[in-house]
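See below for the structure under consideration.
The values are calculated or read from the model by the stated rules, or taken from the named source; none is laboratory data. The model shown is predicted, which means the values in this text are computed figures rather than measured ones. Cβ placement follows ideal geometry from the backbone for every residue including glycine, while neighbour counts extend to all protein chains displayed.
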Amino acid sequence: MSTMGVGGSNVGGRNNVLVTGPEGRPVVLLAHGFGCDQNMWRLTAPKLAEDFRVILFDHVGAGRSDLSAWQPERYSTLDGYADDVLRICRELELRQVAFVGHSVSAMIGVLAAIREPGRFSKLILVGPSPRYVDEPGYRGGFSRADIDELLESLDSNYLGWSAAMAPVIMGNPDRPELADELAGSFCRTDPVIAQAFARTTFLSDNRADLAKVIVPTLILQCSRDAIAPAEVGAFVHDQIPGSVLVTLPATGHCPQLSAPDATLAAIADFISGPP
Amino acid sequence: MSGTGPSEAGGLGESGRRPNAHLASLLEDSTEDLYENAPCGYLSTFPDGQIARVNATLLSWLGFTRGELVGRRYFSDLLTVGGRLYHETHFAPLLAMQGEIGGVALELQAADGSRLPVLVNSAVKTSASGAPLLIRTTIVDARDRRAYERELLRARREADRERERLQLLVTTLQRTLLPPELPDVPGLQTAAYYHAASRDEVGGDFYDLFALARDRWGLFLGDVCGKGAAAAAVTSQIRYTLRAAAVYDPDPATVLGTLNSALRRDYERNDGRFCTAAFGVLTPRTDGFDLRLASGGHPAPLLLRADGTADYQEVGGGPFLGVIDDVTFTSTTIGLGAGDTLLLYTDGLTEARTGKGRDRYGDLALRAFAAGLAPATAAGAIDAITVLLEGLGGGLDDDVAVLALSVPRRRPARRPTPPGRRRR
């Protein structure tokens, strides 16, 4: 089943991989961030798929991924998620991959590109932050108490996540009508997994990894982003050698939703640009 | 108008008469007043979140003036930092994708720094062409509700903790009812598999293998009716009765007779617990082992022979144990030669549901499976059965115990035995 409403083949599996776009064109791998799933790309992926081979997936624990594959230890660091990205690349035999990572997936892409630089042609980091929590001499924008407050917000709001959703997310072939209900309710996640992903996302520190990136990198910064402020984008730009920083006229943390055309143009230009 | 006062206009006047519609419209004649002083907060923002309009109710809740908010602040500015993170990662994307979102719990920060728990509903107002123009948000005071939800959360966490404690208790208790590892029987390979159907209840299946003398071993495998704490208590009694009875007189038929009497004596007055069990005594012979076996209502064991065939071994059995007094059991001898493997199992294996029709796995399927394995080793057979059962997934709704015994084939001297996962 295609959740994106565009033609494509659902390779499915652990990461609910969806392949769209013409074969033989440059490969673009779109990675969603914390809080949602591959639906985050629904305004940009169909247009990208006119010119590129577009691969979408859900991180394990999100969307329609195989929740039984989620293990607290494996996904307690971003390395576990980077492993999955590289595994998807290997299984689909992807080469010269342009990786587009939103939010926390920006750092997941950085880790993957450090481990297998030959696999990637370009890195596009949308609203990246290598460290959300303030440190002496570094401003990430948040304190540890802020992160705890987020975890509490997650708890409060998963009351709206009803127990009846659980069998749907777990995959219940006996009740297909529930799948339709799910399709109309994006980004629902098991509360335990959401809490763990929030911790992994907001407490990781990948500042030291940035200098190790040798893949050509574009940083897409929003003009007003409460999660990844401009000075963090500038820090990432400063640390990744030869990187390009583009500031999008977009408010919020999700330019692919609030300014899809500008985001799309920036991504496509960079992928098609000089290697 | 004469004779009607404001108190009646509220609809609850002393006379109990409903106010007429005309009067109600006169009192609620200002949509502006309805907007400003509604019993909920109204907030309209531009698509980028900048505040375009706010009602008096929300201003009074937060202690801001209109001028401090309109055109100056963004919706996310009113949130706590943690709430802002939630807003950016969940609320805003969902609103952008769905055009509306409801029932989201957030905390607003008032001008004096105090916090107001609220429930937020938002909808996007679009132009004729579908472009977003405004986000309209209603905000409901949720102080009481949040306290209630916190209580629900606390109760859920407590329930989760209790469940973990229960599962730990069950696992620990289960372990005490099964041998931690099978003893070494020279010249025999042994392996066992146990599947507990539930993590919340102790299973009712059991097995054991133990030395009776230097060259004699006792073994048993059975299934207590029911599961949970009561079944665990019976299982415990069965284990020590069988072990003690075998020391006194190891004839399998006698041992089962003793167990039957013990169950009748102790449980007759209670809930009539009964079980099925096979009890056997192993003695070595020149080319393998003799197993003297008696059965009380238990499924026949399967013999996987060295020549590649597999058959059930009918054991002249007696009835279920613990049901009637003064029953007689008989013992049968099964010979195990080099390359033979004997499987003892509980009916959770053959009664597992398979496939879409939810048919039982069945005796015929098990024999065919065993014939496919033969000639086998105890470890190999248990590995294959483990894979088989894992493949049944949710169809496996009962406990399963399997005990396998095999006599290794003769091999050239000095050749080391390859290590097996469960080999003993």
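Before moving on, here are some points about what is shown:
- Pairs linking a residue in segment B:316-341 that is free of Cβ contacts under 8 Å to residues at least 40 places away in the same chain to a residue that is of a type in the set (A, V, I, L, M, F, W, C) and surrounded by fewer than 19 Cβ atoms within 10 Å (Cβ to Cβ), with Cβ atoms under 7 Å and 6 or more positions apart or on different chains, are B:Pro319/B:Val327.
- Apart from one condition, B:Ala191 fits all of (1) more than 15 Å from the chain's Cα centre (by Cα); (2) among the hydrophobic types (A, V, I, L, M, F, W, C); (3) surrounded by 11 or more Cβ atoms within 10 Å (Cβ to Cβ); (4) farther than 27 Å from B:Phe279 by Cβ; the exception is (4).
- Of the residues A:Arg119, A:Arg25, A:Arg42, the single one that is without any contact (Cβ under 8 Å) to a residue 40 or more places away in the chain and in contact with a Cys (Cβ under 9 Å, 6 or more places away or on another chain) is A:Arg119.
- Inside segment B:83-96, residues that are within 16 Å of B:Phe46 (Cα to Cα) and facing chain A (nearest Cβ under 7 Å) make up a count of 4.
- The condition of being farther than 25 Å from B:Tyr86 by Cβ and in contact with a strand residue (DSSP E or B) (Cβ under 7 Å, 6 or more places away or on another chain) holds for only one of A:Phe57, A:Phe99, that being A:Phe99.
- Which listed residue is under 18 Å from the mean Cα position of the chain (by Cα) and on the phi > 0 side of the Ramachandran plot, from A:Gly252, A:Gly242: A:Gly252
- Residue in segment A:239-249 that is within 12 Å of chain B (Cβ to nearest Cβ) and assigned to a helix (DSSP H, G or I) present: no
- One residue alone among B:Leu152, B:Leu182 is of a type outside the set (Ser, Thr, Tyr) and surrounded by 12 or more Cβ atoms within 10 Å (Cβ to Cβ), and that residue is B:Leu182.
- Test: residue in segment A:122-140 that is within 10 Å of chain B (Cβ to nearest Cβ) and at pLDDT 90 or above: yes
- Boolean, B:Leu212 is more than 27 Å from B:Leu388 (Cβ to Cβ), outside any loop (DSSP other than H, G, I, E, B) and of a type outside the set (Gly, Ala, Ser): yes
- Reported count of residues in segment B:47-101, each being among the hydroxyl-bearing types (Ser, Thr, Tyr) and free of Cβ contacts under 8 Å to residues at least 12 places away in the same chain, is 3.
- Checking B:Ala92, B:Ala96, B:Ala111 one by one, the residue that is surrounded by fewer than 18 Cβ atoms within 10 Å (Cβ to Cβ) and aliphatic (A, V, I, L, M) is B:Ala111 and no other.
- Test result for A:Leu30, under 15 Å from the mean Cα position of the chain (by Cα), surrounded by fewer than 21 Cβ atoms within 10 Å (Cβ to Cβ) and either part of a helix (DSSP H, G or I) or of a type outside the set (Phe, Trp, Tyr) (or both): no
- Qualifying residue in segment A:40-50 (condition: within 22 Å of A:Pro241 (Cβ to Cβ) and either within 14 Å of another protein chain (Cβ to nearest Cβ) or surrounded by fewer than 24 Cβ atoms within 10 Å (Cβ to Cβ) (or both)): no
- All positions within segment B:366-390 that are in contact with an Asp or Glu (Cβ under 9 Å, 6 or more places away or on another chain) and assigned to a helix (DSSP H, G or I): B:Arg367, B:Ala370, B:Ala371
- If you go through segment A:197-238 and keep only what is in a strand (DSSP E or B) and surrounded by 21 or more Cβ atoms within 10 Å (Cβ to Cβ), you end up with A:Thr217, A:Leu218, A:Ile219, A:Leu220, A:Gln221, A:Cys222.
- Residue check, B:Arg421 under 29 Å from B:Ser198 (Cβ atoms), at pLDDT below 50 and of a type outside the set (Gly, Ala, Ser): yes
- Residue count for segment B:395-418, restricted to those that are at pLDDT 85 or above, over 27 Å from B:Phe279 (Cβ atoms) and of a type in the set (A, V, I, L, M, F, W, C): 0
- Residue match in segment A:87-108 (condition: in a strand (DSSP E or B), at pLDDT 75 or above and within 14 Å of chain B (Cβ to nearest Cβ)): yes
- All told, A:Pro216 meets the bar of being at pLDDT 95 or above and more than 18 Å from A:Asp37 (Cβ to Cβ).
- Members of segment B:137-181 found to be among the acidic types (Asp, Glu) and either without any contact (Cβ under 8 Å) to a residue 24 or more places away in the chain or out of contact with any helix residue (DSSP H, G or I) (no Cβ under 9 Å at 6 or more places or on another chain) (or both), listed by number: B:Asp144, B:Glu151, B:Glu158, B:Asp160, B:Glu162, B:Glu164, B:Glu181
- Looking across segment B:173-191 at every residue that is closer than 14 Å to B:Trp217 by Cβ and among the hydrophobic types (A, V, I, L, M, F, W, C), the one that is modelled with the lowest pLDDT is identified as B:Leu182.
- The set of residues from segment B:329-361 being part of a strand (DSSP E or B) and polar (S, T, N, Q) comprises B:Ser331, B:Thr332, B:Thr333, B:Thr341, B:Thr354.
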